[in-house]
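The values are calculated or read from the model by the stated rules, or taken from the named source; none is laboratory data. Quantities reported herein were computed from a predicted structural model and do not represent experimental measurements. All Cβ positions, even for glycine, are placed from backbone atoms using ideal geometry, and neighbour counts span all protein chains on display. With ligands, DNA and RNA removed, areas are computed over all heavy atoms of the protein, side chains included. Shrake-Rupley method; radii C 1.70, N 1.55, O 1.52, S 1.80 Å.
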Amino acid sequence: MKNKILVTGGAGYIGSHTCIALHEAGYEVVVYDNLSNSSREAINRVSTLIGQTIEFIEGDVRDAELLRKVFASHEFFGVIHFAGLKAVGESVAKPLLYYNNNAGGTITLLEVMAEYSVKNLVFSSSATVYGDPEILPIDEKSKRACTNPYGQSKLTVEHILEDLTVSDDSWSLIALRYFNPVGAHPSGQIGEDPNDIPNNLMPYISQVAIGKLNKLSIFGNDYPTIDGTGVRDFIHVTDLAQGHVAALNYLDKQTRPSEDGTAQNSVGFLPINLGTGKGTSVLELVSVFSEVSGQTIPYQFTDRRVGDIASCYASADKAKNLLEWQAELSIADMCRDTWHWQSMNPNGYNLS
Ligand code: NAD
Ligand code: UDP
């Protein structure tokens, strides 16, 4: 079995956890990352956790020449493509950067993959491609509509992947639409390490809990939800990592040559939600975090954040049926592991 996987963006939050899951599942990992939003230390810690040095290449997915060298010197079964920028607010201020990095970077990667006949890809898409959903839970056939350049860049890549499979049916391209990834590895050694003041709820809560931030602002308490605060489908990052292993296993099963060694079935373009299927409100999350950490989380209600939606949670059926994967961990697990990581690493990977 060809089991070597190129993991772009593998030094990042989701990528680093996925490297561990891939290793445990018997895949060999090569990480390619420009470290624009991550640290070498994450790779060092992953290597320590798996007891083996991870091959790391510092590079940009827009650098076709370097990618060619990497593909020429390895025989990859496929690519997991995490590399991308993800801050919604920044994408509004710098749309060209987001389209260039997220869409342009993916095009360059696909071109080099085609040159080396590597046709299996797992792409990091997002529930943001659904915009404000008309029906809950959200299934993969729901209308896609984005409201910001970050979301548009993800949707654009989905269209590119789809068009590519129409032009050439030997591609197998899975777009995993993540809901809200949170939590950290149970060892407390790797986790989410935002550069500045966090935009997302869970890292904000944990920085309030550790005393780095004074108070959580809850954006709106007048939504049509259980308690008026926003509802999201939070998913533990280690469950998400397992979802990538399941996607690769699926590709392996589908594309393996038949008995006579000729026929190979590609899967075309396949979008799949990775969520738990359960919605949790902001207040519920704050309450569970407070309980498992033993810390008080001071908060205040403020205006709604522009662009936010009331509720968003997945239909997780397709992942269960096709990939034989489902999320296992609870909101309490997510809060406990986030707190473990935060309290062991108050400054993230910044050791100074
Ligand atoms: P992250 O920022 O921690 O990881 C992304 C990694 O990609 C970083 O290590 C960064 O240095 C690297 N990178 C960025 N641009 C690159 C480039 N041009 N070349 C090489 N490397 C580059 O983010 P994450 O939370 O781990 O997210 C991984 C992927 O999942 C992203 O594509 C993101 O858009 C997507 N996603 C994330 C979430 C979330 O809430 N975390 C939700 C949905 C989708
Ligand atoms: N949220 C909040 N305060 C914060 C950050 C987020 O009240 O400091 C709310 C936000 O309005 C939304 C939920 O928490 O209802 C999840 O927000 P996040 O940014 O983590 O994820 P996304 O909006 O992308 O789903």
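Things to note:
- Net charge, residue 98 excluded, C-beta distance under 11 Å - Lys, Arg +1, Asp, Glu -1: +2
- Percent accessible area from carbon and sulfur atoms, the range 150-238, protein chains only, probe 1.4 Å: 47
- Largest first and in whole Å, the equivalent-ellipsoid semi-axes of the range 25-101 read 25, 17, 11, each the square root of five times a Cα gyration tensor eigenvalue.
- Over every Cα atom in the range 252-307, the radius of gyration and the widest Cα-Cα span, Dmax, amount to 23.2, 66 Å.
- With K and R counted +1 and D and E -1, the other residues having a Cβ less than 9 Å from that of residue 179 yield a net charge of +1.
- Cα-based Kirkwood hydrodynamic radius, the chain, one decimal, Å: 20.6
- Calculated on alpha-carbon atoms, Rg and Dmax of the range 54-168 in Å: 15.3, 47
- Sulfur and carbon atoms: percent of accessible area, the range 248-308 [1.4 Å]: 44
- Surface composition of the range 30-88: carbon plus sulfur atoms contribute 47% of the solvent-accessible area (1.4 Å probe, protein chains only, all chains present).
- Between the Cα long axis of helix 40-50 and the first principal axis of the chain there is an angle of about 80°, rounded to the nearest 10.
- Calculated translational diffusion coefficient of the range 162-232 (37 °C, 0.692 mPa s; Stokes-Einstein with Kirkwood radius over alpha-carbon pairs) equals 206 µm²/s.
- Dipole moment magnitude, nearest 20 debye, the chain about Cα centre, only Lys, Arg, Asp, Glu C-beta charged: 420
- For the range 68-149, the set of chymotrypsin sites (Phe, Trp or Tyr not before Pro) satisfying both a DSSP loop assignment and a count of at most 16 other C-beta atoms within 10 Å is given as 116.
- The length gained by stretching the chain between residue 136 and residue 322 to full extension, at 0.36 nm per residue less their Cα-Cα distance, is 64.9 nm.
- Think of the range 65-175 as having a plus end and a minus end, set by charges on the Cβ of Lys, Arg, Asp and Glu; of 84, 160, 145, 84 sits farthest toward the positive end of this dipole.
- The loop-placed trypsin sites (Lys or Arg not before Pro) in the range 47-115, going by DSSP, include none that has at most 12 neighbouring Cβ atoms within 10 Å of its Cβ.
- Sequence-separation-based contact order of the chain, relative, with Cα cut under 8 Å and 6+ spacing, percent: 19
- Mean Cα-pair separation over length for the range 123-246, i.e. relative contact order, pairs under 8 Å, 6 or more apart, %: 23
- Against the chain, whose longest principal axis is taken from its Cα atoms, helix 149-167 shows a tilt of about 20°.
- 5 angstrom amide H check on residue 272, placed H, neighbours 5+ away: 175, 176, 177
- Diffusion coefficient, µm² s⁻¹, Stokes-Einstein with Kirkwood Rh over alpha-carbon pairs of the range 268-352 at 20 °C and 1.002 mPa s: 135
- Taking 7 Å steps out from each Cα toward its Cβ at residue 210 and residue 143 produces label points 4.2 nm apart.
- Accessible area (Å², per residue) of the chain, counting only protein heavy atoms and a probe of 1.4 Å: 44
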